[in-house]
Amino acid sequence: MFPPVDRAAEAQARSAVDGRPVLYRRAGCTYCLRLRFRLGRGARRLHWVHIWPDPAVAAALRAVNDGAETVPTVMVRGRPYVNPSPHWVRTQVFPPT
């Protein structure tokens with residue numbers, strides 16, 4: 001259902017190279033599911049990171065979200081965006097030309 005999950009460090013490194021956003025999610029999150037389905041095939045263009053397998057990832061997410069593990073959080077050029085609209089995420093993945 002979701003695209004392959006990267007480790008946080010791999011996702012950040014890949015994002016630095018290709019400029020694609022990193023999306024942090026967790027299992028059972030209805031907002032994450034909604035975003036995934038609304039993005040359709042474009043979801044594969046993001047770097048997906050599941051926050052629960054690695055406690056350091058969850059801690060890093062809390063650090064940028066005022067202590068909360070709020071997902072989905074999309075990191076674009078190092079800046080967090082919490083629960084963004086699917087339309088906004090599409091503009092980050094497929095910028096207008």
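FYI, it's all coordinate maths here, none of it is from the lab. Not measured: the values here are computed from a predicted model. Cβ: placed from backbone, ideal geometry, glycine included. Neighbour counts: every protein chain shown.
The dipole here belongs to the chain: it is taken about the Cα centre, uses +1 on the Cβ of Lys and Arg and -1 on the Cβ of Asp and Glu, and is about 400 debye.
The angle between the Cα long axis of helix 55-64 and the longest principal axis of the Cα atoms of the chain comes to about 70 degrees, rounded to the nearest 10. Look at (1) -0.22, -0.32, -0.44, -1.29; (2) -0.56, -0.68, -0.77, -1.10; (3) -0.45, -0.57, -0.66, -1.10: the one that is log10 I(q)/I(0) by the Debye sum over Cα atoms at q = 0.10, 0.12, 0.14, 0.23 Å⁻¹ derived from this structure is (1).
For Trp52, project a label point 7 Å along Cα to C-beta. Then give me every residue of the stretch 15-38 with its amide nitrogen under 11 Å of that point. Those under the cut-off are 26-29. Label sites at Trp88 and Val17, each approximated as a point 7 angstrom past Cα along Cα to Cβ, lie 2.9 nm apart. Think of the chain as having a plus end and a minus end, set by charges on the Cβ of Lys, Arg, Asp and Glu; of Trp88, Ala58, Ala16, Trp88 sits farthest toward the positive end of this dipole.
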